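Structure, as structure tokens:
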Amino acid sequence: MTKGKKVVLRFPHRLVDKPIVYRLVKDYDLQFNILKASVTPKEEGLLVLELSGKKKSYDEAIRFLTEAGVETQLLVQDVFRNEDRCTHCGACVTICPVSAFIVDPVTRRVDFHDTKCIACELCIKACPVRAMEVRL
Amino acid sequence: MTKSIAEINEKIAKGQAVVVTAEEVIDLVNKKGVAKAAKEIDVVTTGTFGPMCSSGAFFNLGHSKPRIKAGGGHVYLNEVPAYAGIAAVDIFLGATAIPDEDPRNRIHPGEFNYGGGHVIEDLVAGKDVRLVITAHGTDCYPRRKLETWINLESMNEALLFDIRNAYQNYNVAVNLGERTIYTYMGVLKPNLGNANYSTSGQLSPLFNDPYYKTIGVGTRIFLGGGTGYVAWHGTQHNPNVLRTEKGLPRRGAATLAVTGDLKQMSPRWLVGTSFIGYGATLTVGIGVPIPILSEEILSYTAVTDNEIFAPIIDYFEAYPQRSPDILGEVSYAQLKSGKIKIQGKDVPTASLSSYSRAVEIANILKGWIQKGEFYITESVSPLPGVDSGVIVKPMQERPFEEEG
Ligand code: SF4
Ligand code: SF4
């Protein structure tokens, strides 16, 4: 594996201040870019990394993270908005950890920037009319 | 300058009425001044599109053969229970009803994906829904069980009847607690993580007629995509609250009870809604026309978001405990900027009601009036005003051990 993989890491509250990520470099010889880091409403840490290195080390690193209690998820663009259903209310705007929803100051419509989306799925249940969907 | 509703309706009939939205009127009044603008403008249209829990619908299902008496029995539409405590085949379905089997908040926060509001949306979308009735059986209504598909077209009457909609102002909800809370004002993140509000501000019907000089019982309105009427003042109507110098209420104040023919309505303007951890409801579109009978009435419709203030309430402690504490007031202009300051902290804001859809409603209503499809009504009876003595009373509990 030479091309980077984008992975979403969710750290439960108890792991948020533990030094875990540096071990990806030290023990697994992976390189990483931090694409996004935040603390979500559930008070878990959320980190989106682009990881590159050997395929074998990558698999081992993911296993290490899972065993340490970090939830990992390969980032795929699988959250989309049902445009017919969206009422442009704005309830999702402050829920999204990466500000993928932007209110147009003139029209007051809510624009969804799906390229920013890290598929954390927080908006799925927070959207009152269930306009946000996960593509299977 | 004064105009009568009859004169305005004559102009509507001739296709000559000058109609503008409550947003457009702001600029016009700024440019032309109140006197000139009041002469020119006949009607100002308003709009709001937000979740309104006190909504529901009455249905007459038609009589089956042999007959069944739902009254006193149990009725379900797509598993959602309806109220059957009236005559044989009249029922009422409330927006917040949920199936008996719904897990509710057993695993917190519950999802509430389908409820009464969703049934109403499905019906106005023309879909078939499953009707199940169980009854006790009588000599004249012998059947005890009925299961059938049914749709809106096959029913006799179908009436949206919302006992409280279109709140004149509402709380801005925040969370001072240490954990995320799930409320009817949406998901509130801990430690002032966000602030949610829910009115269309300068476009909202009752902010444009703060003393109810034109809106009253019998006022014809846009309701759910069809025409409806103000049936009464809404529940918890509370006109005598703190007001700004211009008379705009700074707290939740007046409300409207509204009704209309569900068969004319559309799923674009009645949308089944789910608040995670809270429940199901219905998002309702309402637009009220305001006839410009005088300069005073016009000047009220020129209200802007920076003149309207709402109270900030903590939904972690103050709201559930019914404490009167507020964390301050903010204007709708501040709320719409995307960020407000509370206790020195920048708090991002979000709306639960759709301003862009409210604009759309005001424009649709404007179009109806311009085309002569919608006439203005004289109200039959005014809404209780500031001096009416009408107030909201909190409940005083009296334990059963005390004398009844
Ligand atoms: S919360 Fe849902 S309906 Fe509202 S703007 Fe976001 S995606 Fe659209
Ligand atoms: S899933 Fe929703 S909340 Fe999460 S990043 Fe994508 S748009 Fe934002």
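Any read-out appearing in this document is the output of simple, stated calculations on the displayed coordinates, not a laboratory observation. These numbers were taken from a predicted model, which means no experiment stands behind them. Using ideal geometry, Cβ is built from the backbone for each residue, glycine included, and neighbour counts are taken over all protein chains shown.
Per-residue Karplus couplings for the range B:385-394, computed as 6.51 cos²θ - 1.76 cosθ + 1.60 with θ equal to phi - 60°, are listed in order as x, 4, 9, 6, x, 6, 9, 8, 9, x Hz, Gly and Pro entered as x. For the range A:1-100, the set of GluC sites (Glu not before Pro) satisfying both a DSSP loop assignment and a count of at most 11 other C-beta atoms within 10 Å is given as A:Glu83.
For the range B:298-345, what is the convex hull volume of the alpha-carbon atoms per residue, in Å³?
Details: hull volume 4.7 nm³, N = 48.
Enclosed volume per residue, from the Cα hull, is 97 Å³.
Take the Cβ-Cβ distance between B:His74 and B:Asn156 as r, set R0 to 22 Å, and report the resulting FRET efficiency rounded to the nearest 0.05. Mind showing how you got there, number by number?
Working: r = 21 Å, r/R0 = 0.94.
Once the sixth-power term is evaluated, E becomes 0.60.
Could you give the length gained by full extension between B:His136 and B:Glu40, i.e. 0.36 nm per residue of separation minus their alpha carbon distance, to one decimal place?
On the way: separation 96, 0.36 × 96 = 34.56 nm, distance 6.28 nm.
The span from B:His136 to B:Glu40 would gain 28.3 nm if fully extended.
Annotation: amide H of B:Thr283 within the under-5 Å range of B:Met52, B:Val271, B:Gly272, B:Thr273, sequence separation 5 or more or interchain, hydrogens built in the peptide plane. Placing dummy labels 7 Å off each Cα toward the beta-carbon, the span from A:Leu74 to A:Val25 is 2.6 nm. Of B:Glu245, B:Glu360, B:Glu317, the residue with the greatest mean-square motion in the GNM of chain B, using alpha carbon springs below 10 Å, is B:Glu245.
Derived scalar couplings between HN and Hα for the range B:250-262 equal 9, 9, x, 10, 6, 9, 10, 9, 10, 8, x, 6, 4 Hz in order, rounded to whole Hz, by the Karplus curve 6.51 cos²θ - 1.76 cosθ + 1.60 (θ = phi - 60°), x for Gly and Pro. Report summary: the helix-based calculation at 222 nm, which adds -39500 (n - 2.57) for every DSSP H run with n ≥ 4 and divides by the residues of chain B, gives -4500 deg cm²/dmol. Label-to-label distance for B:Ser381 and B:Trp149 is 4.4 nm, based on points extended 7 Å past Cα in the beta-carbon direction. Overall, the protein assembly as shown carries a charge dipole of about 1080 debye about its Cα centre when +1 sits on the Cβ of Lys and Arg and -1 on the Cβ of Asp and Glu, all other atoms neutral. Semi-axes of the equivalent ellipsoid of the range A:78-135 are 16, 13, 10 Å, computed as sqrt(5λ) over the eigenvalues of the C-alpha gyration tensor in descending order.
For chain A, what does -39500 (n - 2.57) per DSSP helix run (n ≥ 4), summed and divided by total residues, give at 222 nm, in deg cm²/dmol to the nearest 500?
Working: 3 runs with 25 residues, N = 136.
Helix contribution divided over all residues of chain A: -5000 deg cm²/dmol.
Normalised by residue count, chain B yields a Cα convex hull volume of 169 Å³ per residue. Remark on B:Asn238: its backbone amide H falls under 5 Å from those of B:Ala254, B:Thr255, a criterion applied only to residues 5 or more positions apart or on other chains, H modelled at 1.01 Å from N. Scanning residues 5 or more positions from B:Ala17 or on other chains, those with amide H under 5 Å from its amide H are B:Ile12, with H placed 1.01 Å from N in the peptide plane. How large is log10 of I(q)/I(0) for the range A:2-74 at q = 0.12, 0.14, 0.28 Å⁻¹ when the intensity is taken from the Debye formula with one equal scatterer per alpha-carbon? At q = 0.12, 0.14, 0.28 Å⁻¹ the computed log10 ratios are -0.28, -0.38, -1.49.
Label-to-label distance for B:Thr2 and B:Asn105 is 5.3 nm, based on points extended 7 Å past Cα in the beta-carbon direction.
Once the mean of 1/r is taken over each pair of separate Cα atoms and inverted, the protein assembly as shown shows a Kirkwood hydrodynamic radius of 25.5 Å.
Sequence-distant contacts, meaning Cα pairs under 8 Å at least 6 residues apart, place the relative contact order of the range B:56-160 at 35 percent. Once the Cβ-Cβ distance between A:Val39 and B:Glu329 is put in as r, and R0 is 30 Å, what FRET efficiency do you end up with, to the nearest 0.05? So the FRET efficiency works out to roughly 0.55.
Shape analysis of the range B:121-250 based on the Cα gyration tensor places the equivalent ellipsoid semi-axes at 39, 25, 15 Å, largest first.
Over the range B:56-160, what is the percentage of antiparallel beta bridges among all DSSP beta bridges, to the nearest 5? Display every interim value, and only then the final one.
Working: 22 of 23 bridges.
If I count the DSSP bridges inside the range B:56-160, around 95 percent turn out antiparallel.
Against chain A, whose longest principal axis is taken from its Cα atoms, helix A:55-68 shows a tilt of about 70°.
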